[in-house]
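Read the structure below first, then the notes.
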Amino acid sequence: MPNVSLLKSLARKDSATVRMFIEGTPVDVPTDMNVAAALLLAGVTACRTTPVTGSERAPFCMMGVCFDCLVEIDGVPNRQGCMTPVREGMRVRRMDGARSVA
């Protein structure tokens with residue numbers, strides 16, 4: 001079976017990109033994306049796990065309602081990826097389980 005991506009970036013007149021880091025890996029994405037879309041484009045299908053069962057969660061509504069796209073951005077946990085535009089040098093990490101208070 002061929003490796004076919006479900007998500008493809010549309011052709012743009014302006015091909016400007018920013019370099020962000022997902023789990024430490026550099027990824028170049030279009031400047032007009034949000035973090036959740038950038039994760040999906042990079043092939044990251046789960047951005048967090050639930051605190052109780054450890055089930056993986058992925059972006060769902062893409063409009064800030066469901067909170068399934070919570071990620072850590074530049075060391076700040078519980079940020080909604082779908083509501084956060086990408087920017088140069090941004091560091092994004094998955095949220096695994098319950099957040100610590102420390």
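The values are calculated or read from the model by the stated rules, or taken from the named source; none is laboratory data. Everything numeric in this text was worked out from a predicted model, so none of it was measured. Here the Cβ is made from the backbone with ideal geometry for all residues, glycine too, and neighbour counts use every protein chain on show. Accessible surface is based on the protein model in full, side chains and every heavy atom, while ligands, DNA and RNA are left aside. Shrake-Rupley method; radii C 1.70, N 1.55, O 1.52, S 1.80 Å.
Please specify each residue of segment 68-102 satisfying the condition of being over 23 Å from Thr25 (Cα atoms) and either among the hydroxyl-bearing types (Ser, Thr, Tyr) or touching a Cys at 6+ places or on another chain (Cβ under 9 Å) (or both).
Here is the first cut: in segment 68-102, the ones over 23 Å from Thr25 (Cα atoms) are 98, 100-102.
Ser100, the sole residue that qualifies.
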Residue that is least open to solvent (accessible area, probe 1.4 Å) [pool: residues in segment 28-49 that are assigned to a loop (DSSP other than H, G, I, E, B) and within 16 Å of Met83 (Cα to Cα)]:
Cys47
Among the residues listed as Phe21, Phe60, the single one being surrounded by 10 or more Cβ atoms within 10 Å (Cβ to Cβ) and at pLDDT 95 or above
Phe21
